[in-house]
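As structure tokens, the structure follows; a few thoughts come after it.
Each value in this text was obtained by applying a stated rule to the coordinates, not by laboratory testing. Everything numeric here is computed off the predicted structure, so don't read it as measured data. Quick reminder, even Gly has a Cβ in these numbers, built from the backbone with ideal geometry, and neighbours come from all protein chains shown.
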Amino acid sequence: MMIAEQAALAIENSTLRKEVQLAAVSNERNRLARELHDSVTQTLFSTSLIAEVLPRLYEVNKPEAEKRLIEMRQLARGALAEMRTLLMELRPNAIVEANPRELLKHLMDAYIGRTGISIDYTEKIDPDTSLSGEQKLVIYRVAQEALNNVVKHATPSEVKILFLVEPSLVNLVIEDDGVGFDPNEIQPDHFGVGFMQERAEGIGAKIKILSQPGEGTLVHLTIR
């Protein structure tokens, strides 16, 4: 009877752990979906405002109208990228099945559409190296959280992303020259720091977040 009770308790604990994990994943997905929805709505609203004034503006100030046309095209591209990202959030398998290069491209297009700031992107990918679904998901989530932080807090003039995939090592580096922050004064649940660390630790990866006030921020994910 004692063995049976212990076995039943172990099964119950295992079930509860799984339920907690599923709830955490669901809450995380819902939060990201809400943020994407708000961002797409704001982008489309800005695009519609430009579209309304563009015909009149073109008559009185052609150079400014052409500038706004470029801005509208950029906003539309960003909204499209964010809609694709939102669809992937609704279909989690799409992330683990996708090419990580394409996942990063979606995130970068969305960022550029929101901010108008280009990204200096460098990649070196070994064609014979394949990544697991969990590894792709961590790469995607870390990049997503890092770029969201750049949009919300950094106000940079330049953002760089380095993505290296080698047979025994993957490196993802996201760096900005924004306002930065003091890591000693930031709680783990702020800026998604804890979220990114948990994601990395879940697959045995390592993540470093380096920053100083006025000196920008660097996020470095390493997967062996």
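With contacts taken as Cα pairs under 8 Å at a separation of at least 6 residues, the range 147-214 carries a relative contact order of 29 percent.
For the chain, the fraction of C-alpha pairs more than 24 angstrom apart is 52%. Counting Lys and Arg as +1 and Asp and Glu as -1 over every other residue whose Cβ lies under 9 Å from the Cβ of I119, the net charge comes to -1. Scanning residues 5 or more positions from Y121 or on other chains, those with amide H under 5 Å from its amide H are I161, with H placed 1.01 Å from N in the peptide plane. Site pair L49 and A7 shows an inter-label distance of 6.6 nm when each label is modelled 7 Å from Cα along Cα→Cβ. Report summary: the helix-based calculation at 222 nm, which adds -39500 (n - 2.57) for every DSSP H run with n ≥ 4 and divides by the residues of the chain, gives -21500 deg cm²/dmol. Per-residue packing, averaged as other Cβ atoms within 10 Å, sorts the ranges 133-146, 70-83 into the order 133-146, 70-83, beginning with the highest. What relative contact order, as a whole-number percentage, does the chain give when Cα pairs under 8 Å and 6 or more residues apart are counted? Reported as a whole number, the value is 14 percent. Ordering of 48-61, 109-122 by packing is 109-122, 48-61, highest average first (other Cβ atoms within 10 Å, averaged per residue). Based on C-alpha pairs under 8 angstrom that are at least 6 apart in sequence, the range 99-224 has a relative contact order of 25 percent. Is the range 143-224 rounded, prolate or oblate when judged by the Cα gyration tensor, a ≥ b ≥ c being the square roots of its eigenvalues, rounded requiring a/c under 1.5 and prolate requiring a/b larger than b/c? Oblate shape, in that a/c is at least 1.5 and b/c is the bigger or equal ratio.
Within the shell defined by Cβ-Cβ distances under 12 Å, the residues around E215 carry a net charge of -4, with Lys and Arg each +1 and Asp and Glu each -1.
D by Stokes-Einstein for the range 90-190, Kirkwood Rh over Cα pairs, 4 °C, 1.567 mPa s: 88 µm²/s.
Seen from F163, the other residues with C-beta closer than 13 Å to its C-beta sum to a net charge of -1, counting Lys and Arg as +1 and Asp and Glu as -1. A Förster distance of 45 Å, applied to the separation of the beta-carbon atoms of V60 and H220, puts the FRET efficiency at 0.35. The modelled label-to-label distance for the pair Y121/K208, using points 7 Å beyond Cα in the direction of Cβ, is 2.5 nm.
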